[in-house]
Amino acid sequence: MPKKRPVRSALSDPVPATASELLRIDARKDQLSPAQQAFNRLTLQVEQSRAALQRWEQFAQQLHERVGDEMVPLNAALLAAKRELIVLIDALLSPPPVGVSITKRRRAGLAAYLIMLIDAVLAHGPDGAIEDIHDRHSSLTLAARRDIDAKIELELAEQMVRDSLGEDYVAFDHGAKTAEEFLRQVDATVTEERAERERARDARRAKRARRDRKDQPTAADAGAQAAQAASQSVRDIYRKLVSSLHPDRESDPDERERKTGLMMRINGAYQSGDLLTLLSLQMEVEQIDAASIARLPEERLRHYNEVLRQQLRTLNAEIEAQIERLQQQADSGGGRPPREPQAFDRLFTDSMRAARQSLRYLVETLQSLQQPELRKRMLDEIAEAMGALESAEDEEFRAAMAAGFLDEVDPFADDAPTPTRRRSKQRRR
C-alpha cells in the first residue's frame, strides 16, 4: 500500500519572495541614500504595475471569451426577434387580418413602436426588406429622415465648433454635406495651424539657442547623456548574463535546455527594457545578491532608477490603454466608467441578464400579438406606452422614459427595444 504524502500546512509553507523583496536594499530609512530609497520604491511599483497589467490582460481574454460565448449569440437572437416582430406588426397594420380591430390610437402606437424597432435593426446595417416596411408606415421615407438627421447633425457640429473655436472656423462655403466631413475639415485646419505654430516656435528657439549657445552642455545634452548611460547599464547586465548562460557553450543536454529557457527570458526582458527581471535573473543565477545591490555606486543606482521609471511609465501606459479599450466597449453614455476588472465583469454580467430579459419581453410580445385572446391587451399597452413617451415634454425625462420602454441594455454591444416590465407583469396577471 503506497504511503500517503504528508499534507503541508499552508501556514508553514514558505512564501516565495517577490522580485522587489529579493532586490530590496535593507536598512533603516534614514540610513539609505535618496537613490537607494528611490530604488526600493521603484522596484515595488514596477512589480505592482506588472501584476496589475497581467490581471487586466487575463480579464480582457476572459471577457473576449464571454463575448463570443454569451453576447454574440444573444445579440443574434435579439436581432432575429426584432425582425420577426417588425414583420408581424407590418402584417397587422397593412391591412389588419380579418377579425383584428386596429383603432386609430392603436395604429398610431403600433406604428411608432414599429419605427423604433426598425431603427434598432437598421443600426446593425442596411436591410432592404426592413427599409421597405419603414417607408410603408412612416410619414417620411428613410432617405428623407437620413437627410434631415444629417442636416441637424451638421448644424450641431457647426454650433459646437463655433462655441469652442470661434466663428472663423465655420466658413459658409465649407461645402461639407455631413457633420463627419465638416469635423474632418476643421480638424485638418486646426492641425495645420498647430503645426505652423510649432514650426514658428522651433524657429524662435533655434535662433535663441544660436544666440545664447555656450561651451557648457545644455540640459537636453545632459538628458541624452543620462539616457545613454542608463541604457548602457541595462546592456552591461545583459552581457554579463549572456556571457555565463549562453546555451551554445554547454555540453550537457539538460543544462543546455535549462540555459536555453533562461536565455529566452533574458532576451525578452532586454528587448522590453525590463530591468527588474534582468536583475532578478542575475540574482537567480547568483551573479548578484542583495548586498551587492546595496554596494552599487550612487551613479549606477541613479541609472537603474531612470530605467525603472521608464519601465513604470510604459507599464502604466499599457494599463491605461487596456482600461480605455474596455471603457470604450462598456460606455453606455452615462455614469462613470469602471476602472477595475471586477466592476467591468459586474457590468457585463448585469448587461447580459438585462439582455436576456429583453429577449423574453420580445418573445412575449410576439406571442401575445399572435394570440387573439391576448392581442387586444397588448395593442392597448403598446399604444399607452408610446403615447406617454410622445407626450413627455422634458427632454431628459423623455430620454429616460424611452430607455425604460426600450430596455436599452448591454453597453458592450446591442441596445434592445422591448416592451416594458410593467406590461409584462400585466400580461402575467
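The values are calculated or read from the model by the stated rules, or taken from the named source; none is laboratory data. All figures in this text were calculated on a predicted structure; none of them were measured in a lab. Heads up, the Cβs are rebuilt from the backbone with ideal geometry, glycines too, and the neighbour counts pull from every protein chain shown. Each accessible area value is taken on the protein alone, full model and side chains, heavy atoms only, with ligands, DNA and RNA left out. Shrake-Rupley method; radii C 1.70, N 1.55, O 1.52, S 1.80 Å.
General observations
- The solvent-accessible area of Val87, taken with every protein chain present and a 1.4 Å probe, is close to 80 Å².
- With 5 Å bins from 0: P(r) over the range 160-199, alpha-carbon pairs, percent: 5, 23, 29, 26, 12, 5, 1
- Among the GluC sites (Glu not before Pro) within the range 227-286, those in coil by DSSP and having at most 13 neighbouring Cβ atoms inside 10 Å are Glu286.
- Taking Met160, Met263 and ordering them by how much accessible surface each has at a 1.4 Å probe, largest first, produces Met160, Met263.
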